[in-house]
Amino acid sequence: MRALLIRFLVTGVAVFLAITIVPGIDAQSLSAGLAAILLLSLLNAAVRPVLYLFSLPLIILSLGLFMVIINALLLQLVGWLVKGFVVEGFWASVWGALLISIVSFILNLWINEQGSVELVIHRSRPPRIVNPD
């Protein structure tokens, strides 16, 4: 349950940034923005894996770029289903999907399944200990 809530929060931050940065994506009210976040999170959890599976040959041929198209189509679907959440045109949905994917990826790198922020620093070799002799 907590992991699902964290995914909603990550998607919410990403969608908010897309609304702020990408021209052509707009939420006309707070409730429309929240509904869009909820619906996009549910579509990403339930529908997107099935779409990825069915379009696997296209994803492989395009070296993964077709995943952006799938995400853009899901974002346009959310814009069509949620009144007050506007996605104007295909390119706005592509740029919005790309931004949402990048922001979600970065935020998911820092957040573990328990919900705490994790920062791991890897060293190539252990530090040298100098003897006082």
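A short reminder: the numbers here are calculations on the coordinates, not readings from a lab. Treat the numbers as computed from the prediction; the structure is a model and nothing was measured. Neighbour counts are summed over all protein chains in view; Cβ atoms, including those assigned to glycine, are modelled from backbone coordinates with ideal geometry.
Observations
- Contact annotation: residue pairs with Cβ atoms under 8 Å, 6 or more positions apart or on different chains, pairing a residue in the range 26-45 that is closer than 14 Å to Ala14 by Cβ with a partner that is of a type in the set (Ser, Thr, Tyr), are Ile37/Thr11; Leu40/Thr11; Ser41/Thr11; Asn44/Thr11.
- Condition check for Phe8 on (1) closer than 13 Å to Leu99 by Cα; (2) surrounded by fewer than 18 Cβ atoms within 10 Å (Cβ to Cβ); (3) in contact (Cβ under 8 Å) with a residue 24 or more places away in the chain: one failure, at (1).
- Test: Val86 is in contact (Cβ under 8 Å) with a residue 24 or more places away in the chain and either surrounded by 15 or more Cβ atoms within 10 Å (Cβ to Cβ) or in a helix (DSSP H, G or I) (or both): yes
- Residue among Gln28, Gln76 that is under 28 Å from Met1 (Cα atoms), touching a Phe, Trp or Tyr at 6+ places or on another chain (Cβ under 9 Å) and among the polar types (S, T, N, Q): Gln76
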